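The values are calculated or read from the model by the stated rules, or taken from the named source; none is laboratory data. Source: prediction; values computed, not measured. Reconstructed Cβ throughout: ideal geometry from the backbone, glycine too, with neighbour counts over all protein chains shown. In case anyone asks, the SASA skips ligands and DNA or RNA and just uses the protein heavy atoms, side chains included. Shrake-Rupley method; radii C 1.70, N 1.55, O 1.52, S 1.80 Å.
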Amino acid sequence: MPIEGFDYKQFSADLAAQAKELVPQDFEPFQKDYVVKTLANFSLMAGEAISNDAEAGFNVEQAIFLTQIIAEWSFHKSVDVVRSGIQPEYWDIVLQKIAFTIFEIGKNTIKQNMPQDKILELIESQVLKAYQEALDELQQRGIIDEELKENAAKQNNLNQLVEQVEAEQAAQREAEAQAAAQSQEVQQNVSAQQSPQSQQYAGDDRKLFKLASLALLLRTMSQDKISSILNKFNPQDAQLVIQYMQMPDLNQKVDANTAIQCLKEIKTSLPSKHATTPNQLIYRIKNSLQNVPRENLELFLKQERINVKRFVTTALQDELYELPPKVANVIAQHIESSV
């Protein structure tokens, strides 16, 4: 009988929707469509097979776990196949072999109650093996030559994403270090004026540099616009921004690229015109979920990111997990539209 609480059709549709945002932007439309459809089809077939496999006896968590593994690897390896140079009519041959491998290994290891980290490690090694075997078979059939096989074997979208994340984190750390150094110089200038606001933020270099970056931008605006923006800040922050604006050499002390990044962070943290107070956000969350059965709520939260889980859980306890107002409002809208 079907697994209670496991709607594999909706789950595969949700996974496909997420995949649309992750497909490489340099892909042609038909390539993007192929990646998303492949993920959707394989996760749908896997979900249906798991749900109807009475012998396996999977619970909802296990069903979600295995279906998601198949979806994620279907995504990564379909991207690899597209980039490999193999003709599109042979892509399915490679990916079907991989999906079948994941399904069988995943199902057997879950039955054996193997720890999830061990399951993931085993599946990764077997996926790479199945991928190589599929390439060897295509070469043996004369469909691809040695050069094309080597090029296909080198493709690894998962590793590229990991490297990209690590590079972004390194760039962020570098930007923060640069902002800290620059903000110290700016702070020295403001401190020389014996500003009580600047003394209040001693040691908070990142915040000081954000305010200095904002001051640099406000210099280009009309007084009415400046007042409108500063009204969104607390008086102490607003006063410090004004002091920064009065520094004649501010533009020489604030790096433009780092300032842009800081301004993006400020924009995210400011309340939008649609944002609401903490009490209103709590009410919206509780009102949206009041008729949702506990087991359905738990299933819903399992599929969400950790910050969303904390936000919803604390709201149901009449508290609010601290997030930027704009982000909190987006999450509340997501909850309202999902139940």
TODO: List the helices (runs of 4 or more DSSP H) that sit entirely inside region 54-145 and contain at least 3 residues that are hydroxyl-bearing (Ser, Thr, Tyr).
DONE: 60-84
Task: Filter result for the condition that a residue is open to solvent by 80 Å² or more (accessible area, probe 1.4 Å) and over 27 Å from the mean Cα position of the chain (by Cα), over Lys154, Lys97, Lys129, Lys107 - done: Lys129
- [ ] Scan the helices (runs of 4 or more DSSP H) fully inside region 271-339 and keep the ones with 1 or more residues being farther than 29 Å from Asn234 by Cβ and modelled with pLDDT of 80 or more.
- [x] 278-289, 306-316
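This table checks each residue for (1) crowded, with 18+ Cβ neighbours inside 10 Å; (2) at pLDDT below 95; (3) touching a Leu at 6+ places or on another chain (Cβ under 6 Å).
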position	(1), (2), (3)
Phe27	no, yes, no
Leu44	yes, yes, no
Thr67	yes, yes, no
Gly85	no, yes, yes
Pro115	no, yes, no
Open item on the list: Being buried (at least 21 other Cβ atoms within 10 Å of the Cβ), among the polar types (S, T, N, Q) and under 24 Å from Phe300 (Cβ atoms) is the requirement here; does Ser12 meet it?
Closed with: yes
- [ ] Please tell me if Lys20 is open to solvent by 30 Å² or more (accessible area, probe 1.4 Å) and modelled with pLDDT under 90.
- [x] yes
TODO: Report, by residue number, each residue of region 46-60 that is under 14 Å from Leu299 (Cβ atoms) and exposed (fewer than 15 other Cβ atoms within 10 Å of the Cβ).
DONE: Asn59
Task: Number of positions in region 83-136 that are in contact (Cβ under 8 Å) with a residue 60 or more places away in the chain and either farther than 17 Å from Gln155 by Cβ or of a type in the set (A, V, I, L, M, F, W, C) (or both) - done: 1
